[in-house]
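Reviewing the structure listed below.
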């Protein structure tokens, strides 16, 4: 997009149209004592000078292109085909806003429809919405949907669900005077089944699990859906969508709602976003889903056409019945996920998942053999796992950073009882030499 600044003549014409002589005349209503005196704004730079300055500032950051990272915990380094960014950068997508005159935006509606279809197939559920801001907000919205549907006021969530997600959920519920209870996990990271069953009463409106969970463990949810439904509650399952190429889908586990972070589907790691929260439900919950649904139909001439089938937003229905006040979904991010999934296809998603399994299992086995480190090699994982060290993780982290390696996430930050424990992630982006380099660096700590 080109930037066309105003000329002096343009400004003068605008001032004359307003009925004033100068820009200062527009500021007369602002008391002089609160006006900014001297902003000390430097002289304008040329394009070449500005580029040089920005590049110098950028070099102070260290990205995964210049450092070997084994950090996961919700934001992951994956290979992104060049076509994803190229297609997302097309002007008709890059500058498009949410379609307020939807049927005039056939391209946008088709992209949403394709995205929804792919997410529904991936999760094994019937309906997907057009996305949320991130995994945390999609989980929180799922909790609210479940309580609206069941008419109850209490949720229970596994403590192994991402800590940031649980905090966002807690914030949502507190504002609505709703209750949240948590159940713990075993030493291997799997949830405590007995503790869960004690909390599962008729007062519960929904139960929330994550698998693979924040600690990397793949949960065994056999029989959980039946237990939850017997109490008149809904089962909400958060999952890494990339893992669904090799692991059971939420639909296969009997989940009513599937949510999670879609950053792994062709979106680059960033400082908190923009990311993508996917959201899928069973057919029974379709009319309660927050956001919007795009559908495919035929126009009067018999041609294929796309429409907004459902919008549960406060602009379109009575405010008290609105499911969400989200205005603009992460449409561009959803498009990126759609392109990524289309490029890889079923076989590609499966192969990528298998590569993640291979890298993580290889690395876990190697680390478990190191003196001073312990990793549970029996617990099923996808691409990340817990490591317990004899030394403080802060010491290990500092030493490896000096070698250009990010060792992982300090788990004591989220779980105070897990001292000297850290979460390690290995995706398809890591080759064997890099995995061995990490193991060697740990062995010298």
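The values are calculated or read from the model by the stated rules, or taken from the named source; none is laboratory data. Note that the coordinates shown come from a computational prediction; the quantities given were computed from them, not determined experimentally. Every residue, glycine as well, gets a Cβ built from its backbone with ideal geometry; the counts of neighbours run over all protein chains shown.
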Inspect all residues belonging to region 288-310 and state whether any of them is outside any strand (DSSP E or B), under 25 Å from residue 95 (Cβ atoms), at pLDDT below 85 and touching a strand residue (DSSP E or B) at 6+ places or on another chain (Cβ under 7 Å). yes
Looking only at region 360-374, which residues are under 30 Å from residue 266 (Cβ atoms) and touching a strand residue (DSSP E or B) at 6+ places or on another chain (Cβ under 9 Å)? 360, 361, 363, 364, 367
Criterion violated by residue 122 - all others in (1) in contact with a helix residue (DSSP H, G or I) (Cβ under 9 Å, 6 or more places away or on another chain); (2) without any contact (Cβ under 8 Å) to a residue 24 or more places away in the chain; (3) under 29 Å from residue 360 (Cα atoms) satisfied: (2)
Touching a strand residue (DSSP E or B) at 6+ places or on another chain (Cβ under 8 Å) and within 25 Å of residue 355 (Cβ to Cβ): which single residue out of 432, 437, 397 fits that description? 437
What is the number of the single condition among (1) out of contact with any helix residue (DSSP H, G or I) (no Cβ under 7 Å at 6 or more places or on another chain); (2) closer than 30 Å to residue 399 by Cα that residue 86 does not meet? (2)
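Can you tell me which of 337, 360 is within 30 Å of residue 176 (Cβ to Cβ), in a helix (DSSP H, G or I) and at pLDDT 95 or above? Quick ask: steps written out before the conclusion?
Details: 360 fails: within 30 Å of residue 176 (Cβ to Cβ).
So the residue among 337, 360 that is within 30 Å of residue 176 (Cβ to Cβ), in a helix (DSSP H, G or I) and at pLDDT 95 or above is 337.
With 344, 406, 435, 442 as the choices, which residue is over 20 Å from the mean Cα position of the chain (by Cα), within 30 Å of residue 278 (Cα to Cα) and surrounded by 15 or more Cβ atoms within 10 Å (Cβ to Cβ)? Walk me through it before giving the result.
Values: 344 fails: over 20 Å from the mean Cα position of the chain (by Cα); 435 fails: within 30 Å of residue 278 (Cα to Cα); 442 fails: within 30 Å of residue 278 (Cα to Cα).
When all the criteria are applied, what remains is 406.
Being assigned to a helix (DSSP H, G or I) and surrounded by 10 or more Cβ atoms within 10 Å (Cβ to Cβ) narrows it down to one residue among 6, 45, 109; which is it?
Numbers: 6 fails: assigned to a helix (DSSP H, G or I); 45 fails: assigned to a helix (DSSP H, G or I).
Just a single option satisfies the conditions, and that option is 109.
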Just to confirm my filter: which strands (runs of 3 or more DSSP E) fall fully inside region 152-262 and include at least 3 residues that are surrounded by 23 or more Cβ atoms within 10 Å (Cβ to Cβ)? 154-158, 204-210, 234-238, 257-261
If I filter region 114-134 down to residues being at pLDDT below 95 and crowded, with 21+ Cβ neighbours inside 10 Å, which single residue comes out as nearest to the chain's Cα centre (by Cα)? 134
Filter region 287-308 down to the residues that are surrounded by 17 or more Cβ atoms within 10 Å (Cβ to Cβ) and at negative phi and list them by number. 289, 290, 292, 293, 294, 306, 308
